[in-house]
Amino acid sequence: MPQLIGFVLLVLVVFLIAGLVTGNLFYVVKQQHAVIIERLGKFHRIVGAGFHAKIPFVDRKAATVSLRTMKNGFNIDVKTEDNVTIGLEVSAQYHVSYDRGDSPQQSGVWRSYYMLQQPVAQMRDFITDALRSSIPVYTLDEVFAKKDDIARDVNDTVSEQMAAYGFTLVSTLITKIALPAEVEDSMNQINAAQRTKAAAQDLAEADRIRRVTEAVAEAEAMEKAGEGIANQRKAIAAGISDSLATIQETGVSAAEANQLFMFTQWTEMMSEFAKAGKASTVVLPSDFTQTAGVFEQMVTAQSAGRDAAVPPTPPRQ
């Protein structure tokens, strides 16, 4: 019996020395990491951050699982409802589930390691399938307008699928939408045409406003000019009336005063014509005394007009 105990102690010492020499006895787990320990090829336990020991050559660190949030980006091609093939740049943020469960086999660390051989690739396939199922119900313009809503719906769908494998999908982002060159050129031309149309409409509206403003200003100017002419004529009429009254006070008859006024107007007209007329030649009678004949014609015309305005006196019976 003592020999058996001594043999066991010897074996333990050998294991301890071998573990110390090979570094297979103690180990350290970093913060935000978990280590899966297997004993003789079978799951044994999950250890968190800190200093730990294990039995050399019996226990082994099967995997070190990071609990930090990770990012994975990839590109996919999808077709919209209006048959436009677009390229999407997708970014997924995820981490191993922090849920420990009622037993180690129900924890996120255990499931993330033992249930999927390539969990990241599987998650990418889930996201790709969800996007290719949802994008075809939207037109190209709707994809641009609702890309955040689409990404959120995809994230909710894939999160349920990846939760069974011990992963939590934090967010799914559509970071870029790439268009075929010919589609992008067509959209740019449409946008340019719309901007040109809007600019033409603005210019036309500005021209209409300018024309209306000018018309209103011209109407107001003509109204003011008419008022000025009317006031001028009133002043002239008042002046003529005052002049005739003054002349009549000297004992001149009304007819003679009217003739004198007409002659004065005629002489002033000729003077103004001589000063400001554009013609270089003025034809006058050969005998200056014949101007009286012109004046007499003006008086005769006035008398004829006055006689025509007075009805004839009926003959006596």
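Here the Karplus curve 6.51 cos²θ - 1.76 cosθ + 1.60, taken at θ = phi - 60°, turns the phi angles of the range 186-195 into couplings of 5, 5, 5, 5, 4, 5, 5, 5, 5, 5 Hz, with x standing for Gly and Pro. Can you give the accessible area of LEU40, probe radius 1.4 Å, in Å² rounded to 10? Around 140 Å² of this residue is reachable by solvent. Would you mind classifying the range 153-237 by shape? Square roots of the alpha carbon gyration tensor eigenvalues, ordered a ≥ b ≥ c; an a/c under 1.5 is rounded, otherwise it is prolate if a/b is larger than b/c and oblate if not. Judged from the Cα gyration tensor, the range 153-237 comes out prolate (a/c at least 1.5, a/b above b/c).
Heavy-atom accessible surface of HIS33, to the nearest 10 Å², is about 40 Å², with a 1.4 Å probe and all protein chains retained.
Think of the range 171-227 as a dipole: +1 on every Lys or Arg Cβ, -1 on every Asp or Glu Cβ, centred on the Cα centre; then among THR172, GLY226, GLN201, THR172 lies furthest on the positive end.
Computed from the Cβ-Cβ distance with R0 of 45 Å, the FRET efficiency linking PHE26 to ASP185 stands at 0.10. Accessible area ranking (1.4 Å probe, heavy atoms, ligands and nucleic acids excluded), largest first, for THR69, THR172: THR69, THR172. Remark: relative contact order (the range 64-148) = 32 percent; criterion is Cα-Cα distance under 8 angstrom and separation of 6 or more residues.
Mean silhouette area of the range 64-185, derived from the convex hull of its C-alpha atoms and averaged over all directions, reads 7.7 nm². Distance cut-off 18 Å, Cα to Cα: go down the list LYS146/LYS176; LYS79/LYS176; LYS79/LYS147; LYS30/LYS54; LYS146/LYS197; LYS71/LYS146 and report the pairs above it. The pairs that break the limit, which is 18 Å between Cα atoms, are LYS146/LYS197; LYS71/LYS146. Measuring only protein heavy atoms, the 1.4 Å probe finds VAL170 accessible over about 80 Å².
Quick one: Cα centre-to-centre distance for the range 155-230 and the range 121-148, in angstrom? Taking the Cα centre of the range 121-148 as reference, the centre of the range 155-230 is 28 Å away.
If R₀ is 30 angstrom, what is the calculated FRET efficiency for the pair VAL212 and ALA192, using the beta carbon separation as r and rounding to 0.05? E(calc), rounded to 0.05, equals 0.50. Solvent-accessible surface of protein heavy atoms, probed at 1.4 angstrom with all chains present, puts TYR27, TYR165 in the order TYR165, TYR27, largest first.
The ratio of the alpha-carbon radius of gyration of the range 176-226 to the globular-protein estimate 2.2 N^0.38 Å is 2.21. Amide H to amide H, with H built 1.01 Å from N, ALA62 comes under 5 Å of ILE36, ILE37, GLU38, counting only residues 5 or more places away or on other chains. When LYS275, LYS234 are compared by accessible area at a 1.4 angstrom probe, the order from most to least is LYS275, LYS234.
The values are calculated or read from the model by the stated rules, or taken from the named source; none is laboratory data. Small disclaimer: the values here were computed from a predicted structure and weren't measured. Cβ atoms come from the backbone with ideal geometry, glycine included; neighbour counts cover every protein chain shown. SASA here: full protein model, heavy atoms, side chains in, ligands and nucleic acids out. Shrake-Rupley method; radii C 1.70, N 1.55, O 1.52, S 1.80 Å.
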